[in-house]
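A.B. asks: First the structure, which I've put down as structure tokens, then a few questions once you've had a look.
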Amino acid sequence: MSSQSNRRDFLKKIAVAGAAVASAGGVTALAKESNAKVTVPRRTLGRIGAEVSILGLGLGSGYTRPFGGNPEEAEKILHRALGYGINYWDTSRTYANSEVLIGPVVEKTRDEIFLVSKSPSRDYDGFKADLESSLKRLRTDHIDLYHLHNLDPAKDTDLHLIENGAVRAAREAKEQGIIGNFGITGHSGTGILMEGIRRWDPDAILTIFPADRPENGAYEDKLLPLARERNMGVIAMKSVRRARETDWPAPQLIRYAMSLPGIATTIVGLDSIAHLDENVALASNFTPLTSGQLAEMSHIVKSDLAGLGKAPWDRPGYQDGVPGIAADTEQYV
């Protein structure tokens, strides 16, 4: 049987509840059928204790490219997401003018949002300067979770130096109440993330949990149990991007990550109202995949991706942000 046939048969088998209505019109249909407001459910973000929507907003290039030059539309889609109860908002100093775009909405609705941003700086002064800039651009006096962004085993070879630099700055900011929690992120390499957890005991981790189970499943089988053991908040990303070149429906790829035990929220790029509604249709009536379904789906996805080469974030020169636009460019400050 071909991979395409396997995929088709599997999708038919799991097309229940939220998966069955995951379409651009799914949210409207659900609302009419139940005569109630469609709301995305929430989970507890580990020891942080915050209740966050299982679908989070990824406010990187997927958001800044279509909306970066149109502040009105940028705000409109954020209010739509907030209306669905999506309170987990993920941005970064490196995401072009993302912090500036969402700042006006953050300022008006601060108490309704679990606000997350990131710094790529590894030194003490650089991290502090990034945090100050994030606060200014986001129009707030505190950020709920601030990450040390994109740990890279090829570049970050001295974790002791980082601990005395950015991590020290983060701990001080947490003690001062400027950030509620400190986290780490990474795309390539479970080893450095696990070492960061053991050394620094961060409150949360944001990393990849795509259905093809990279590193022979190490993200799910080694990293995730370590994070759960420490009751960390675990946030999934990159559930869709790797499989864009296949015929897999995006909501099902998101559903895979949402179904992993220990994942509090899965962030997805906010690029259009249609995609937002499609993902909300899944999340609002979410039914997790069983362990057997997760294994079967992973096997098929991995087969579909065979021959496509390395994931984008594992290729030389990958930048987690918007190429060509500096985060601290004067027009965005």
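Each value in this text was obtained by applying a stated rule to the coordinates, not by laboratory testing. Quantities reported herein were computed from a predicted structural model and do not represent experimental measurements.
A.B. asks: Per residue of the stretch 166-171, what does 6.51 cos²θ - 1.76 cosθ + 1.60 with θ = phi - 60° give for ³J(HN,Hα)? Whole Hz please, x for Gly and Pro, Karplus curve as stated.
C.D. replies: Whole-Hz 3J(HN,Hα) from phi for the stretch 166-171: 4, 5, 4, 5, 5, 5.
A.B. asks: Considering amide H positions built from the backbone, and no H for Pro or chain starts, which residues 5 or more places from residue 55, or on another chain, come under 5 Å of its amide H?
C.D. replies: HN-HN under 5 Å from residue 55: 266.
A.B. asks: Still on this structure: Take the alpha-carbon centre of the stretch 80-133, take the same for the stretch 156-226, and report the distance between them in whole Å.
C.D. replies: Comparing the Cα centres of the stretch 80-133 and the stretch 156-226, I get a distance of 19 Å.
A.B. asks: Amide H of residue 92: which non-local residues (sequence gap of 5 or more, or other chain) have their own amide H closer than 5 Å, using H built in the peptide plane?
C.D. replies: Counting only residues 5 or more places away or on other chains, the set is 99, 118.
A.B. asks: Taking θ = phi - 60°, what integer Hz values does the Karplus form 6.51 cos²θ - 1.76 cosθ + 1.60 yield along the stretch 118-123, in sequence order, with x for Gly and Pro?
C.D. replies: Going residue by residue, I get 8, 10, x, 6, 9, 9 Hz, with x marking Gly and Pro.
A.B. asks: Ok, one more. For the stretch 73-85, what does the Karplus curve 6.51 cos²θ - 1.76 cosθ + 1.60, with θ = phi - 60°, yield as ³J(HN,Hα) per residue in whole Hz, taken in order and with x for Gly and Pro?
C.D. replies: Result, ordered by residue: 5, 4, 6, 4, 6, 5, 5, 5, 4, 5, x, 7, x Hz.
A.B. asks: Sequence-distant or interchain residues sharing an amide H contact under 5 Å with residue 232, placed H: which?
C.D. replies: Sorted by chain and number, the residues that satisfy this are 47.
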